[in-house]
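Student: Sharing a structure below in structure tokens format, with a few things to ask.
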Amino acid sequence: MTDAVLIDGKAFAAQLREAIGRRAATLKAEHGLVPGLAAVLVGEDPASQVYVRNKEKQTVEAGMASVGRRLPADVSEADLMTVVAELNADPAVHGILVQLPLPDHIAEKPVIEMIDVAKDVDGFHPLNVGALSSGEEGLVPCTPRGCMMLLHDVLGDLTGMNAVVVGRSNIVGKPIAQLLLAANCTVTIAHSRTKDLPGLCRSADILIAAVGRPQMIKGDWIKPGAAVIDVGINRIEAEGGKTRLVGDVDFEEAVQVAGSITPVPGGVGPMTIACLLENTLIACCRQNGVEVPEG
Ligand code: GUN
């Protein structure tokens, strides 16, 4: 069997960001509106700092306004809530994201619920979660949306396909299962208690790996020709005392069996921020009662 088609999320995301930049320019020219995205970062977690910096940089590159709020790791939940309330009330801010994880002394749920549902560009607010599961208009979580775009690009119509999602997180596993269902797939969500996980994975035409376990999914778990979307980003030790990033799929094995596969890095990762920018554009248009410009 020949190697799988590599799904180039990096290139796809770059094109998507360019298109979003053009759409933002149209919005400005026709309505004088500049979408604004506020990123709230609590503490100094290095990975979160990198994510937020990238989000801010790409927001500006797409012609949107970026509002940064950096808060110390020991900020009180009440003070964080006050910052969110200020951003909710700011008409120049159309999208708000609070970078997760938060420090242990702050509960995530009340903070997420505090974000104005119309500005919840992460799609984590319970009302957006409900909208997704009942097929109503809302804001859809970014990583799952990015995965769906890549799948449609490589497979076209997904109707009737068997999709197995490994991982049941609120951020990826559950919302992507909803999106696959809405795209007429037959969907199974697998997790750490699933019986015969390798056998179940082998039934998948579409396999989504979102467990956070480095290289857990082996080549012989994959149905020949399947589309494999690897959402995992794990840092492991490499030779010479260095580290490297790997996904939840054993790429070297899987690439010999799958029909198409996302690499790590350069697969799903870049799609998340591109979808965040698109959600911000959409949120801005809805808040102002104007049509979302086409790409
Ligand atoms: N931490 C890891 N991924 C995400 C994400 O998509 N959004 C937010 N807010 N925090 C994250």
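Every number here is computed from the coordinates shown, using simple stated rules; none is lab data. All of these numbers come straight from a predicted model, not from anything done at the bench. Please note: Cβ atoms are built from the backbone with ideal geometry, for glycine as well, and neighbour counts cover all protein chains shown.
Student: Below 8 Å between Cα atoms, with a sequence gap of 6+, how large is the relative contact order for the chain in percent?
Tutor: Value for the chain: 23 percent.
Student: OK, next. By count of other Cβ within 10 Å, fewest leading, how are 44, 77 ordered?
Tutor: Listed from fewest to most nearby Cβ atoms, that is 44, 77.
Student: Rank the residues 28, 223 as a footprinting-exposure proxy: fewest other Cβ atoms within 10 Å of their Cβ go first.
Tutor: The fewest-first ordering by Cβ neighbours comes to 28, 223.
Student: To continue, here is another question. List the lysines whose alpha-carbon lies under 23 Å from that of residue 119, not counting same-chain residues fewer than 8 positions away?
Tutor: Cross-link targets: 28, 55, 57, 109, 174.
Student: Based on the inverse mean of 1/r over its pairs of different Cα atoms, what is the Kirkwood hydrodynamic radius of region 125-166, in Å?
Tutor: 11.8 Å
Student: Can you pull out the GluC sites (Glu not before Pro) in region 242-295 that DSSP calls coil and that have at most 12 other Cβ atoms within 10 Å?
Tutor: 291, 294
Student: What does the extension gain come out to for residue 90 and residue 10, with contour length at 0.36 nm per residue minus their alpha carbon separation?
Tutor: Result: 25.5 nm gained on full extension.
Student: Return the Cα extents of the chain along principal axes one, two and three, sorted largest first, each rounded to a whole Å.
Tutor: 55, 43, 38 Å, listed from the longest principal axis down.
Student: Right, next: If packing is taken as the mean number of other Cβ atoms within 10 Å per residue, what is the order of 35-41, 95-101, highest first?
Tutor: By packing density, highest mean first, the sequence is 35-41, 95-101.
Student: Among 243, 280, 59, which comes first, second and so on when ranked by fewest other beta-carbon atoms within 10 Å?
Tutor: Arranged by neighbour count, lowest to highest, 243, 280, 59 become 243, 59, 280.
Student: Okay, next question. Once label points are set 7 Å from the Cα along Cα→Cβ at both residue 155 and residue 57, what is their separation, rounded to one decimal in nm?
Tutor: Here the modelled spin labels are 3.3 nm apart.
Student: Still on this structure, please answer the following. Any chance you could give the angle, 0 to 90 degrees and rounded to 10, that helix 269-287 forms with the longest Cα principal axis of the chain?
Tutor: The two axes meet at around 40 degrees.
Student: From the Cα gyration tensor of region 64-131, with a ≥ b ≥ c the square roots of its eigenvalues, which class applies: rounded if a/c is under 1.5, or else prolate if a/b is larger than b/c, or else oblate?
Tutor: oblate
Student: Please list, in order along region 39-55, the HN-Hα scalar couplings obtained from phi with the Karplus expression 6.51 cos²θ - 1.76 cosθ + 1.60 (θ = phi - 60°), rounded to whole Hz, x for Gly and Pro.
Tutor: These are the phi-based 3J(HN,Hα) values: 10, 9, 10, 9, x, 10, 4, x, 5, 5, 4, 5, 4, 5, 4, 5, 4 Hz.
Student: In addition: Between 0 and 90 degrees, rounded to the nearest ten: what's the tilt of helix 142-155 against the longest Cα principal axis of the chain?
Tutor: 50 degrees
Student: Would you mind classifying region 202-295 by shape? Square roots of the alpha carbon gyration tensor eigenvalues, ordered a ≥ b ≥ c; an a/c under 1.5 is rounded, otherwise it is prolate if a/b is larger than b/c and oblate if not.
Tutor: Oblate.
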